[in-house]
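Novice: Dumping the structure here so I can ask a few things about it.
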Amino acid sequence: MLVPSSGTGQYAALSAKIIRFVRHGCTNRPFFHIVVAERRREQFEPVIEQVGSYDPMPNERNEKLVSLNLERIAYWLGNGADCTKPVQELLGLSGFLPIHPLSYMAAWKNRQVAEAAVVEEKPEGDHK
Amino acid sequence: MSVFRHFSRKLVLNTFKSDIKLQINTHCSVCLRFLSYQPIHYDGKPDPGPVFIKKEVQTLLRTLTRVDLAKVFKKRRFGETQLQQPVYKFMTDEQLQEAYEEAKKKVDTFLQIPPVVAVRKPKDKVLSKDPALQGLDTSAFVFTDISYGVRDSERMILVRETDGTLREADWETRDRINQLYFPVAQRQIQTPKMFQDSNLEDLLKRGEYNFILDRACLQFDPNDPLYQKIVSITYQCVNDNNHFNELRSTRHFGSFVFFLAWNKLIDNLLLDIIESEHIEEAKALVELYSHIHQVKYESKENLQQIDEYIKNHASKKAALELAFQAYKNAAKRKGEVEEGIKRAHGLS
């Protein structure tokens, strides 16, 4: 029986629920559905409800498109659903939740790497 | 040089349809560039919306549209597909009358005039600045709120830039994203190439006004500056070439006339109406002008109001006076002939 990826709407009242990514798309082309599912289920088992999407590959205008059904996300968060760290990061970047510390950490690390690369280039240039 | 002039003149003359009267100055070299029109937007000073929505103005626009049921319900081709086989029925006179009444109700939906509103102002709201996020990613994130029951114009669409600024998306991004997640049928995500200047010129040269206006209505919102630009250029082209019949009995005639009246360009149209002796429409046009520019005519009689407009507000005074005088003479002669006929039949 094929279940729609938008969700079954069926769940057990006392189960632990979580908002997480489900990787769809195909080989070398990921596309994530942001879903509310029961935590113990496997990634590709039927979900309760899809509440958004995230395309990690930037488009022609160098944008990564994220859709969020904020009304339903707010409902499930109010009903005790948890979020995975990537979902928390996305919600933080969108302004719905505070910005996650992992975002600040990743940005800081990238800046350190970029500065180190610039510093390495300069002495090589000087020697030449 | 003269050979070039001869051939280019022949080329231009042959590209036009035969029923259009064209005046080409034979002494100057023929200019093949037609798009010298400036786009005219509805600034918002004053706002055209409240004036356009008034019931009196809407009825005047409907009168001026000159509804011809045969043209409104004509057979249209949609590529190679035929929509429906025509159905033939036997009807009594009463049933035919009922069918006509129903058709007239359908005309209201066919002839919904595309709304006239002030042009939208650019969006530039910054919600949050987080320079600590600089370096997180090399591309921006576009967040769309896909909650149910929210209008496209009110939907929350935010952009998190690479330097960490969270701001509201600008209008072009909004249009694109709304079309992506909540598509309107036959509307393209990227602006169709036919609206670019060179292609638009070519279409206007060929006189494809309805095609341009129909697609512009479908593709854009009425407060989009690009929509107002395309539509204003098309209207100016129609006005200058006197191709009013192309737009009559379509939904576009209403907003076309409103545009002309708003920008004080009604003289060509008034001339066309008087010459074809549709005096009701001439009265309506002059009344529309008074509604829009708050002009009060001294006389209450409609023919005299037209006279007043021609004397005080028209730019093509001479031509209009001539045409109106000719109409009045013709009407007088007609009246005399009818009087004569009535007397001959012993009725008066």
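The values are calculated or read from the model by the stated rules, or taken from the named source; none is laboratory data. Just so it is clear, the structure is predicted and the values come from calculations on it, not from any experiment. Don't worry about glycine lacking a Cβ; one is built from the backbone with ideal geometry, like all the others, and counts go over all protein chains shown.
Novice: Only one residue in B:H243, B:H345, B:H313, B:H291 is within 30 Å of B:N199 (Cβ to Cβ) and not aliphatic (A, V, I, L, M). Which one?
Specialist: Within the list B:H243, B:H345, B:H313, B:H291, the selection yields B:H243.
Novice: Which of the residues spanning the stretch B:304-315 are surrounded by fewer than 15 Cβ atoms within 10 Å (Cβ to Cβ) and within 15 Å of B:I274 (Cα to Cα)?
Specialist: Result: B:Q304, single match.
Novice: Considering B:V286, B:V295, which residue is closer than 15 Å to B:A261 by Cβ, out of contact with any Asp or Glu (no Cβ under 6 Å at 6 or more places or on another chain), surrounded by 11 or more Cβ atoms within 10 Å (Cβ to Cβ) and modelled with pLDDT under 90?
Specialist: Exactly one of B:V286, B:V295 is closer than 15 Å to B:A261 by Cβ, out of contact with any Asp or Glu (no Cβ under 6 Å at 6 or more places or on another chain), surrounded by 11 or more Cβ atoms within 10 Å (Cβ to Cβ) and modelled with pLDDT under 90, namely B:V295.
Novice: Same structure, new question: Which condition breaks for A:V51 when tested against (1) at the interface with chain B (Cβ under 8 Å from one of its Cβ atoms); (2) touching a Phe, Trp or Tyr at 6+ places or on another chain (Cβ under 9 Å)?
Specialist: (1)
Novice: Please go through the stretch A:6-50 and give me each residue that is among the polar types (S, T, N, Q) and in a loop (DSSP other than H, G, I, E, B), ordered by number.
Specialist: A:S6, A:T8, A:Q10, A:S15, A:T27, A:N28, A:Q43, listed by residue number.
Novice: May I pose another question? Restricting to the stretch A:87-111, name every residue that is more than 8 Å from every other protein chain (Cβ to nearest Cβ) and surrounded by fewer than 16 Cβ atoms within 10 Å (Cβ to Cβ).
Specialist: A:P98, A:P101, A:L102, A:M105, A:K109
Novice: Which condition from (1) exposed (fewer than 13 other Cβ atoms within 10 Å of the Cβ); (2) within 26 Å of the chain's Cα centre (by Cα) is the one that B:N329 breaks?
Specialist: So B:N329 meets the others, but not (2).
Novice: Only one residue in B:E246, B:E280, B:E321, B:E287 is over 30 Å from B:F73 (Cα atoms), acidic (D, E), assigned to a helix (DSSP H, G or I) and touching a helix residue (DSSP H, G or I) at 6+ places or on another chain (Cβ under 7 Å), so which one is that?
Specialist: B:E321
Novice: Under 8 Å by Cβ, and 6 or more places apart or on different chains, what pairs join a residue from the stretch B:127-139 that is more than 7 Å from chain A (Cβ to nearest Cβ) with one that is of a type in the set (V, I, T)?
Specialist: Pairs that qualify, where the first residue is more than 7 Å from chain A (Cβ to nearest Cβ) and the partner is of a type in the set (V, I, T), are B:K129/B:T165; B:D137/B:T162; B:T138/B:T162.
Novice: Continuing with the same structure: Here are the criteria: (1) within 19 Å of B:R160 (Cβ to Cβ); (2) basic (K, R); (3) outside any loop (DSSP other than H, G, I, E, B). Tell me which single one A:R61 does not satisfy.
Specialist: (3)
Novice: Considering only the stretch B:144-189, state which residues are surrounded by 18 or more Cβ atoms within 10 Å (Cβ to Cβ) and more than 12 Å from chain A (Cβ to nearest Cβ).
Specialist: Once the filter is applied, which keeps residues that are surrounded by 18 or more Cβ atoms within 10 Å (Cβ to Cβ) and more than 12 Å from chain A (Cβ to nearest Cβ), the stretch B:144-189 yields B:R174, B:D175.
Novice: Of all the residues that make up the stretch B:207-220, how many are farther than 16 Å from B:S255 by Cβ and touching a residue at least 40 places away in the same chain (Cβ under 8 Å)?
Specialist: Within the stretch B:207-220, residues that are farther than 16 Å from B:S255 by Cβ and touching a residue at least 40 places away in the same chain (Cβ under 8 Å) number 1.
Novice: Still on this structure, please answer the following. Away from chain A (no Cβ under 14 Å), within 27 Å of the chain's Cα centre (by Cα) and surrounded by 10 or more Cβ atoms within 10 Å (Cβ to Cβ): does that describe B:P122?
Specialist: So B:P122 does not fit the description; no.
Novice: I would also like to ask the following. Mind counting the residues in the stretch A:64-86 that are away from every other protein chain (no Cβ under 14 Å) and either in contact (Cβ under 8 Å) with a residue 60 or more places away in the chain or in a strand (DSSP E or B) (or both)?
Specialist: Of the residues in the stretch A:64-86, 6 are away from every other protein chain (no Cβ under 14 Å) and either in contact (Cβ under 8 Å) with a residue 60 or more places away in the chain or in a strand (DSSP E or B) (or both).
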